[in-house]
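J.: Please see the structure below; I have some questions.
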Amino acid sequence: MLTFAYHRATSIDDALGAAARGARYYAGGTNMLDLMKTGVETPSALVDIGDLDLGSVQALPSGGVLIGAGVTNSDAANHPLVRAAYPVLSQAILSGATTQIRNMATVGGNLMQRTRCPYFMDPAFTACNKRSPGSGCAAVAGFNREHAVFGAGTTCVAVHPSDMAVALAAVDALVHVAGPSGPRSIPIGGFFTLPGEHPERDNSLAPGELITGIELPPSPFGARSWYLKVRDRHSYAFALVSVAVGLDIRDGVTRSAAVVLGGVAATPWRVGAAEAELVGRTADADAFRSAARVAVSGAEPLSQNGFKVVLARNSVERALTRAAARG
Ligand code: SF4
């Protein structure tokens with residue numbers, strides 16, 4: 001049986017101090033506990049951050065919104081400020097997990113959840129560079145239907161499982177963190193990392209850094225946004241492919257756009273070329289079809305997941321169509 005020390009932090013400094021002594025952060029526990037039960041995670045100490053003052057959603061003077069890292073997924077998705085100005089985020093969060101899990105899981109934890117690659121999740125498989133750096137990657141020549149088609153390389157072909165992160169990328173969110181070197185903000189586009197030489201890392205957090213909040217800048221898209229998730233079972237499954245899009249349309253012309261794919265890479269996969277294809281053009285079916293084609297150019301499917309490229313292309317076209325109609 002795994003034994004570990006447990007400490008309930010009374011302040012952010014207290015939490016940072018515990019982390020500096022080797023403890024791992026613990027919030028909703030919906031991913032960490034599962035991984036501890038299977039032996040993927042074996043922390044010697046946990047520091048519970050549930051009592052910290054990180055549980056509110058606030059309007060910012062800038063016009064944006066700050067979501068505390070301890071806000072549950074359910075409360076974030078259903079908050080009036082989020083629903084009104086960032087419906088794509090609300091949609092994305094509500095498409096993830098189950099009601100019970102969303103009621104426990106926090107938005108900070110959502111960003112920190114680990115991949116659901118089956119080889120990572122089961123220590124009986126020895127070849128997993130993410131779990132054991134240098135051991136290889138069983139998925140490259142094995143079961144890779146659910147894996148990456150962008151940005152993977154050969155060290156790890158896993159995808160990030162968060163729906164919320166894909167929508168955050170579409171609205172250019174900032175991740176606020178506290179750490180041994182003080183507070184800082186990380187643009188969501190630089191928060192997650194591709195595997196490269198360090199497949200064991202999922203993000204750009206420095207050791208001991210703690211997510212304290214997620215800032216949503218004022219969005220030009222508002223209602224004209226959409227999150228589309230395609231999965232094997234609608235009731236409860238991670239995305240095979242997902243798409244978050246936003247459109248700023250004036251006088252029938254797209255002034256700015258966001259197109260972000262999920263379920264296809266180790267990071268939310270923002271497709272600037274597809275956005276450029278939309279901007280300055282009449283917002284119509286032709287433009288959406290062109291953007292969708294561009295969105296999947298350069299894809300590098302594995303032996304079992306070529307279908308994701310077609311699925312992603314069709315999903316981008318459909319999401320753009322729905323976003324435009326929503327306005
Ligand atoms: Fe491990 Fe990544 Fe390979 Fe999955 S894809 S087996 S997580 S190294």
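Every number here is computed from the coordinates shown, using simple stated rules; none is lab data. Here the structure is a predicted model, which is why all the values come from computation and not from measurement. Reconstructed Cβ throughout: ideal geometry from the backbone, glycine too, with neighbour counts over all protein chains shown.
J.: In debye to the nearest 20, how big a dipole does segment 201-288 give about its Cα centre with +1 on each Lys and Arg Cβ and -1 on each Asp and Glu Cβ?
T.: Around 180 debye, computed over segment 201-288.
J.: Local charge sum around G68 (other residues, Cβ-Cβ under 14 Å, Lys/Arg +1, Asp/Glu -1)?
T.: Every neighbour counted, the sum reads -4.
J.: Moving on to the next point. Could you tally the net charge around V47, taking each other residue with its Cβ under 12 Å from the Cβ of V47, Lys/Arg +1 and Asp/Glu -1?
T.: -1
J.: How many angstrom separate the Cα center of segment 98-156 from the Cα center of segment 191-260?
T.: Value for the Cα centre distance between the two parts: 18 Å.
J.: So for segment 18-125, taking the charge dipole from beta-carbon charges (+1 Lys/Arg, -1 Asp/Glu), which of I93, G63, A19 sits furthest toward the positive end?
T.: Toward the positive end, the furthest listed residue is I93.
J.: If we sort 109-121, 36-48 on the protection proxy, mean other Cβ atoms within 10 Å, highest first, what's the order?
T.: 109-121, 36-48
J.: Taking the Cα centre as origin and putting +1 on Lys and Arg beta-carbons and -1 on Asp and Glu beta-carbons, what dipole magnitude results for segment 1-51, to the nearest 20 debye?
T.: 160
J.: By DSSP, what percent of the beta bridges with both residues in the chain are antiparallel, rounded to the nearest 5?
T.: 85
J.: Here's another thing I want to ask about it. If R₀ is 22 angstrom, what is the calculated FRET efficiency for the pair R326 and R233, using the beta carbon separation as r and rounding to 0.05?
T.: It comes out at approximately 0.30.
J.: What's the whole-number percent of alpha carbon pairs in segment 221-319 lying beyond 23 angstrom?
T.: Considering segment 221-319, 22 percent of its Cα-Cα pairs are separated by more than 23 Å.
J.: Where in segment 28-50 is the amide nitrogen less than 18 Å from a point lying 7 Å along the Cα-to-Cβ axis of Q100?
T.: 28-38
J.: On to the next question. Could you work out the percent of alpha carbon pairs in segment 56-186 separated by over 23 Å, rounded to a whole number?
T.: Counting every Cα pair in segment 56-186, those more than 23 Å apart make up 45 percent.
J.: Enumerate the lysines that K37 could reach by cross-link, defined here as Cα to Cα under 19 Å, with residues fewer than 8 away along the same chain left out.
T.: Partners within reach: K130.
J.: Rule-of-thumb check for the chain: C-alpha Rg over 2.2 N^0.38 Å?
T.: 0.98
J.: Could you work out which residue, out of S62, S11, S90, moves most in a Gaussian network model of the chain, that is, has the largest mean-square fluctuation with Cα springs under 10 Å?
T.: Highest fluctuation of the listed residues: S62.
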